[in-house]
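These notes are about the structure you will find just below.
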Amino acid sequence: MEKREKKGLIECTLNDLVFPVELRDNPRNTNREYSRVVTGILNGDEIDLNYCSPYYQLVPNADIFPKVEEIFRRNNIDFSVVYQQLNNAMFYANYVIEDPDFAYRIPNTNDVIKFRFEFQHSYNGLWKYMGIAGFYRLVCSNGLVIPVKEMKKYNLQLVGKHTNTILHSVEEFQTLLLSVANDLRTVKTEIVANYELLGGRMVTKVNDRITEVLKAGNIIAVENSKFNTVNDILNRINKEANDPALGYGGKVNDWLVYNGVNQYINDNNLNTATPEKRRTTDSKVFEYMLENA
């Protein structure tokens, strides 16, 4: 059963992703670029999802998402998952590792971070296949949090085009997962050291810091009678700083500033950008904040 969000992707079930799909010859006279058709069968009805060239090789969702889950189960790793789709042609899955050994708690707080794997795929060619790993907070609507340098160092990203290399990359995911699990202490220590760095920087002029970070991330700050971006992010930060359950005692640090911006980037009520675009913007913000106190 689908759950509609206000904008963008629609939350759904695994069954909503693995509907039958096939690649056919286009019966109409077209140029070579549109000579094949990706056709899905939804509720017994056929729907054309993409017109493509003979070079396009279809990889069904059934060969990706269920097999990723099989890898988790095969390695006895507990997980939860949220699926989303757009127009039955763009697909996204967010897998959270529920094993406590993968989790991390910001020192002297109750701010918990868990390890997450995101996968995206499309039938219309607008999204390239991608699998990416990183940490995310349990608070609010934060997106994936991972420094670019560490992501490259530990090969925490899998990317494929619409060829059979996608199927190979699904198996590569098992290697990635086991590598992280086997070297968990080192991976976690190096990555979360960046979180601790931000958490150790107190911020007194919060509005100025927000404005600076937005500019560095090329994020347009809206300011009109109906909405103010800086104030919106400031409210998010203050809410967390003063939340007794989180344990920050009303103090604002760079970690909370970063996460206020992160929440803004990933708020579906304010942003319709693709997950890939959001990750790119977020990474730019995070790397800037690490380098610029």
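The values are calculated or read from the model by the stated rules, or taken from the named source; none is laboratory data. The structure presented is a predicted model; accordingly, all values stated were derived computationally and were not measured. Don't worry about glycine lacking a Cβ; one is built from the backbone with ideal geometry, like all the others, and counts go over all protein chains shown.
List of remarks:
- Which numbered condition V203 fails, given (1) exposed (fewer than 13 other Cβ atoms within 10 Å of the Cβ); (2) of a type in the set (A, V, I, L, M, F, W, C); (3) more than 17 Å from S283 (Cα to Cα): (1)
- Tally, over the range 59-110, of residues that are in a helix (DSSP H, G or I), at pLDDT below 90 and of a type in the set (F, W, Y): 2
- Of all the residues in the range 39-63, those that are of a type in the set (V, I, T) and crowded, with 16+ Cβ neighbours inside 10 Å number 2.
- Test: residue in the range 93-104 that is of a type in the set (F, W, Y) and crowded, with 21+ Cβ neighbours inside 10 Å: yes
- Top-ranked residue of the range 270-291 - restricted to ones that are modelled with pLDDT under 85 and either more than 20 Å from T211 (Cα to Cα) or in contact with a Pro (Cβ under 9 Å, 6 or more places away or on another chain) (or both), ranked as surrounded by the most Cβ atoms within 10 Å (Cβ to Cβ): P275
- Given (1) within 20 Å of the chain's Cα centre (by Cα); (2) buried (at least 19 other Cβ atoms within 10 Å of the Cβ), index of the condition P66 fails: (2)
- For first residues located in the range 37-50 and among the hydroxyl-bearing types (S, T, Y), partners that are assigned to a strand (DSSP E or B) and lie 6+ apart or on another chain with Cβ distances below 6 Å form the pairs T39/E22; T39/R24; T39/E46; T39/D48.
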